[in-house]
1. Could you give the angle, 0 to 90 degrees to the nearest 10, between helix 17-30's Cα long axis and the longest principal axis of the Cα atoms of the chain?
2. Percent of accessible area on the chain owned by carbon and sulfur, 1.4 Å probe?
3. Counting only heavy atoms of protein chains, what accessible area per residue, in Å², does the range 1-71 have with a probe of 1.4 Å?
4. Work out which GluC sites (Glu not before Pro) in the chain are exposed loop sites (DSSP not H, G, I, E or B, at most 15 other Cβ within 10 Å) and give the longest gap free of them.
5. Over the Cα atoms of the chain, each weighted equally, I'd like the Debye log10 I(q)/I(0) at q = 0.10, 0.22 Å⁻¹, rounded to two decimals.
6. Nothing charged except the Cβ atoms of Lys and Arg (+1) and of Asp and Glu (-1): what's the magnitude of the dipole of the range 1-82 about its Cα centre? Round to the nearest 20 debye.
7. State the cysteines of the chain left without a partner when partners are defined as other cysteines whose beta carbon lies under 4.7 Å away.
Amino acid sequence: MMEISVCIGTACHLKGSYNVIAAFQQMIEESKLNDRVCVKAAFCMGKCESDGVCVKIGDGESKSVATASVKHYFNTYVVPVFSK
């Protein structure tokens, strides 16, 4: 199971972490990946200076994701894993 961790710490909360979580959940459902991908809340990933919300897959590197870039992140890092 792929785990997408989304920071809900203060800085990321103010940048829209709950909107990012909702967008991921919607895309997971639309892609019929409910049994393969889950979204989990996490606390500070140490990149509070980023422009967006900190998101990471598994133990991977955290990336900055804004509400407007969630779809791009999902299509770049999640969809290809299950398209094989």
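1. 0
2. Within the chain, the accessible surface is 52 percent carbon and sulfur.
3. Result: 58 Å² of accessible area for each residue.
4. The segment 1-48 is the longest one with no such site.
5. Result of the Debye calculation: -0.20, -0.99.
6. The calculation lands at about 60 debye.
7. C38, C44, C48
The values are calculated or read from the model by the stated rules, or taken from the named source; none is laboratory data. Just so you know, these numbers come straight off a predicted model, no measurement behind them. Virtual Cβ from ideal backbone geometry, glycine too; neighbours counted across all protein chains shown. Side chains included, ligands, DNA and RNA excluded: accessible areas come from the protein's heavy atoms. Shrake-Rupley method; radii C 1.70, N 1.55, O 1.52, S 1.80 Å.
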